[in-house]
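All remarks here apply to the structure that follows.
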Amino acid sequence: MSSRKTLRLICGFAGGSAALLFTAAVAESRGYFAERPGEATGWWSAFGVLRAAQPAWTSVSPATSGNSWDFNWDKREPSALRKEKASDDPTLEADNGKAKATRNILLIRHSQYNLSGNGDKERSLTSLGREQAELTGERLAALGLKYDVLVHSSMTRATETAQIISKHLPGVELKSCDLLREGAPIEPVPLVTHWKPEAVQYHEDGARIEAAFRKYIHRADPKQKEDSYEIIVCHANVIRYFVCRALQFPPEGWLRMGLNNGSITWLTIRPSGRVALRTLGDSGFMPPDKLSRT
């Protein structure tokens with residue numbers, strides 16, 4: 001039987017079966033349908049439409065981006081530190097320099113605030129915003145975690161949100177930080193028409209927000225023995241940028257994510273340097289009529 005008759009027979013049995021067509025494609029690639037040994041007939045190219053219609057799983061090997069995880073993203077990888085500082089006992093130094101605890105960072109977006117206020121001081125929380133902060137505080141308390149610190153942006157809306165939350169977490173230290181103030185971290189891709197900061201704003205805000213990321217988002221210090229839980233109350237742009245940077249996603253994609261007011265975003269940083277996003281903008285603990293995204 002000729003190769004072309006064999007092909008027609010296979011397709012007849014296939015009856016549209018992707019599995020048999022895939023088998024035929026593999027057979028052709030190995031020269032089974034060649035007119036002469038070692039010669040490809042190119043018959044499969046004639047079935048371009050059928051080939052394109054096959055599901056992705058018919059591919060011989062899945063496509064990959066080729067990008068690998070950088071374990072030294074926070075400049076705290078013990079093996080990298082060893083290269084910078086020699087020691088008489090490399091094994092001991094590696095053990096001393098290795099993180100042993102997991103850091104859990106809960107990023108809270110501030111509650112709804114007065115958009116018409118003239119300047120930061122007048123942009124205080126609305127009545128709904130105060131309710132949202134109470135609900136967020138109740139949620140954090142209900143998780144039953146041992147929080148180490150509550151850091152907040154020095155902007156009014158974030159400060160007020162943190163103060164309300166702190167009432168539900170007695171004994172947790174409250175700190176303010178200017179680095180966490182809202183801003184334009186990096187020019188988003190794709191661009192949007194409703195928000196176009198000046199280039200100088202990206203230049204100034206971007207450096208500050210990146211500094212905040214380096215200060216707060218990293219693996220645990222080697223001296224830390226127990227897992228920690230830290231709360232950071234700040235702003236949507238800051239949180240979205242932090243998430244992209246921590247997961248080693250293109251930071252220019254930060255504006256593609258939306259966060260409700262008072263929502264919880266939870267990052268986990270393992271001793272190995274691995275990062276996991278446990279929740280992104282969780283606000284399921286709020287009734288539907290209390291949700292907002294201003």
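Values quoted throughout were computed directly from the atomic coordinates according to the rules given, and no laboratory measurement underlies them. Note that this is a predicted model, so its numbers are computed, not measured. Don't worry about glycine lacking a Cβ; one is built from the backbone with ideal geometry, like all the others, and counts go over all protein chains shown.
A few points about this structure:
- Theoretical gain in end-to-end length, S176 to F249 [0.36 nm per residue, Cα-Cα removed]: 23.5 nm
- Restraint check, K98/K215; K167/K215; K75/K167; K121/K175; K215/K290, Cα-Cα greater than 24 Å: K167/K215; K75/K167; K215/K290
- Ranked packing of 194-206, 119-131, most packed first, by mean Cβ within 10 Å: 119-131, 194-206
- Among 168-176, 105-113, 149-157, 274-282, the order from most to least packed when residues are scored by Cβ within 10 Å on average: 105-113, 149-157, 274-282, 168-176
- Summary value for the stretch 99-290: 34 percent relative contact order, contacts being C-alpha pairs under 8 angstrom separated by 6+ residues.
- S154 versus E204: modelled label distance in nm, points set 7 Å from Cα along the beta carbon direction: 1.4 nm
- Cβ-based exposure ranking for I164, I232, in which fewest neighbours within 10 Å come first: I164, I232
- A Förster distance of 22 Å, applied to the separation of the beta-carbon atoms of R214 and L169, puts the FRET efficiency at 0.25.
- Computed label-point distance, nm, for sites L115 and T193 using a 7 Å Cα→Cβ extension: 1.8 nm
- Extension gain for the segment S127 to K146, taken as residue separation times 0.36 nm less the Cα-Cα distance, is 3.9 nm to one decimal.
- Between M257 and R278, residue separation times 0.36 nm minus the direct Cα-Cα distance comes to 6.0 nm.
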